[in-house]
Amino acid sequence: MTKKNILEINNLSVSVDKENIIKNLNLRINSGEIHAIMGKNGSGKSTLAKVIAGHPNYKINNGSIYLTEENITNKEADKRAHKGIFLGFQYPVEIPGVSNLDFLRLSYNSIKKANKQKELDPLSFYELVHKKAFAINMKTDFLNRNVNEGFSGGEKKKNEILQMSLLDSKIFLLDEIDSGLDIDALKDISLTINQLKTDNNCLLIITHYQKFLDYIKPDYIHIMDKGEIIYTGNSEIAKKIDSYGYDSIIKEYK
Ligand code: ADP
Ligand code: MG
């Protein structure tokens, strides 16, 4: 299996309100790879994920972002989603008055439509989503409730994983999807994420937890500090962080 370049970030600098948040960052992720980003609070991890997904609040001052060799640096967020970028949130939003099933079908069909593929009618979609929910061990009564309304933290995260499993994206950006989960839910979600990873897509996960990395087994771990990637290594670095904290690692590598 030859690896394809899915995400390539070159010399990226980003600011918000004239404050530089990402500084000269380079990152390359190939198909079949799992990358993790770790770093202290405020180091710019979520900003990076949002900038990759095309969040309009951030100003790109320098550098470029490529998705499967297409320059997407100035593309709108919805175009990027259509092209295969999925961003999962640390705090999934509740959408009162919109049923989960309708929401999932809308996001599924809008991507199909943009790619000139077949959209699904409500009944066919219902069949598909049932299969997917079953595969990730999720109860289907979630589907008839409003999006995330009254869901527990773990249920919201599972709902995101369900959406992720429907969308068949090229890159999944998961920002602290593990936070607030109990050990069992963490394990369930990790197993599902591992199933969704294929030779044709890739994952970028942001996490603080060694336990999550034990399940997901990233190929590369990047340490971010003050908007820069200061170190790239393997699982050894996560163990070191677990034992000694970020400060000693930052001092050693910066
Ligand atoms: P992390 O996810 O690593 O904890 P963030 O990317 O959320 O860090 O934030 C990095 C820095 O950028 C922080 O200092 C944060 O306050 C600042 N920042 C991020 N987004 C905004 C924004 N929309 N407005 C102002 N400051 C922001
Ligand atoms: Mg964050």
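Checking each residue in region 1-21 for being farther than 17 Å from ILE85 by Cβ and β-branched (Val, Ile, Thr) picks out THR2, VAL16, ILE21.
Once region 112-164 is narrowed to residues that are over 19 Å from the mean Cα position of the chain (by Cα) and at positive phi, the residue that is modelled with the lowest pLDDT is ASN137. Taken together, the residues in region 56-68 that are at pLDDT below 95 and within 18 Å of LEU204 (Cα to Cα) amount to 0. Candidates are the residues of region 148-165 that are buried (at least 19 other Cβ atoms within 10 Å of the Cβ) and out of contact with any Pro (no Cβ under 8 Å at 6 or more places or on another chain); the one that is farthest from ARG105 (Cα to Cα) is LYS158. Restricting attention to region 81-94, does a residue exist that is crowded, with 16+ Cβ neighbours inside 10 Å, aliphatic (A, V, I, L, M) and over 19 Å from the mean Cα position of the chain (by Cα)? No - not one qualifying residue is present in region 81-94. For beta carbons closer than 8 Å, sequence separation of 6+ or different chains, a first residue in region 30-47 that is in a strand (DSSP E or B) and a second that is among the charged types (D, E, K, R) and more than 6 Å from ligand 1 (Cβ to nearest atom), the qualifying pairs are ASN30/LYS3; ASN30/LYS4; ILE34/LYS197; ILE34/LYS217; ILE34/ASP219; HIS35/ASP219; GLY39/ASP225. If only residues of region 178-221 that are more than 26 Å from GLU8 (Cβ to Cβ) and acidic (Asp, Glu) are counted, the one that is surrounded by the most Cβ atoms within 10 Å (Cβ to Cβ) is ASP178.
Going through (1) more than 22 Å from ALA36 (Cβ to Cβ); (2) among the charged types (D, E, K, R); (3) in a loop (DSSP other than H, G, I, E, B) one by one, ASP199 falls short only on (1). Determine if region 20-29 includes at least one residue that is within 16 Å of ligand 1 (Cβ to nearest atom) and in a loop (DSSP other than H, G, I, E, B). No, region 20-29 contains no residue that is within 16 Å of ligand 1 (Cβ to nearest atom) and in a loop (DSSP other than H, G, I, E, B).
Conditions tested, residue by residue: (1) away from ligand 2 (no atom under 16 Å from the Cβ); (2) touching a Lys or Arg at 6+ places or on another chain (Cβ under 8 Å); (3) without any contact (Cβ under 8 Å) to a residue 24 or more places away in the chain.
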position	(1), (2), (3)
MET164	yes, no, no
SER169	yes, no, no
LYS187	yes, no, no
ASN200	yes, yes, no
PHE212	no, no, no
ILE216	yes, no, no
SER235	yes, yes, yes
LYS240	yes, no, yes
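Here are the criteria: (1) closer than 17 Å to ILE29 by Cα; (2) crowded, with 16+ Cβ neighbours inside 10 Å. Tell me which single one GLY233 does not satisfy. Single failed check for GLY233: (2). Since LEU48 meets every condition but one in (1) under 24 Å from VAL147 (Cβ atoms); (2) within 16 Å of ligand 1 (Cβ to nearest atom); (3) out of contact with any helix residue (DSSP H, G or I) (no Cβ under 7 Å at 6 or more places or on another chain), which condition does it not meet? Looking at each condition in turn, LEU48 falls short on (1).
ALA238 passes every criterion in (1) within 28 Å of ASP184 (Cβ to Cβ); (2) surrounded by fewer than 21 Cβ atoms within 10 Å (Cβ to Cβ); (3) in contact with a helix residue (DSSP H, G or I) (Cβ under 8 Å, 6 or more places away or on another chain) apart from (2).
Inspection of region 168-180 identifies no residue that is touching a strand residue (DSSP E or B) at 6+ places or on another chain (Cβ under 9 Å) and part of a helix (DSSP H, G or I). Would you call ILE189 part of a helix (DSSP H, G or I), among the β-branched types (Val, Ile, Thr) and more than 23 Å from ILE6 (Cβ to Cβ)? Here the answer is no, as ILE189 does not meet what is asked. List, please: which pairs have Cβ atoms under 6 Å, are six or more places apart or on different chains, and start with a residue in region 54-83 that is closer than 16 Å to ILE171 by Cα and end with one that is hydrophobic (A, V, I, L, M, F, W, C) and surrounded by fewer than 16 Cβ atoms within 10 Å (Cβ to Cβ)? Short answer, once both residue conditions are applied: GLY54/ALA77; HIS82/ALA114.
The values are calculated or read from the model by the stated rules, or taken from the named source; none is laboratory data. Remember, predicted model here, so these are calculated numbers, not experimental data. Cβ sites come from the backbone with ideal geometry, for glycine too, and all protein chains shown count toward neighbours.
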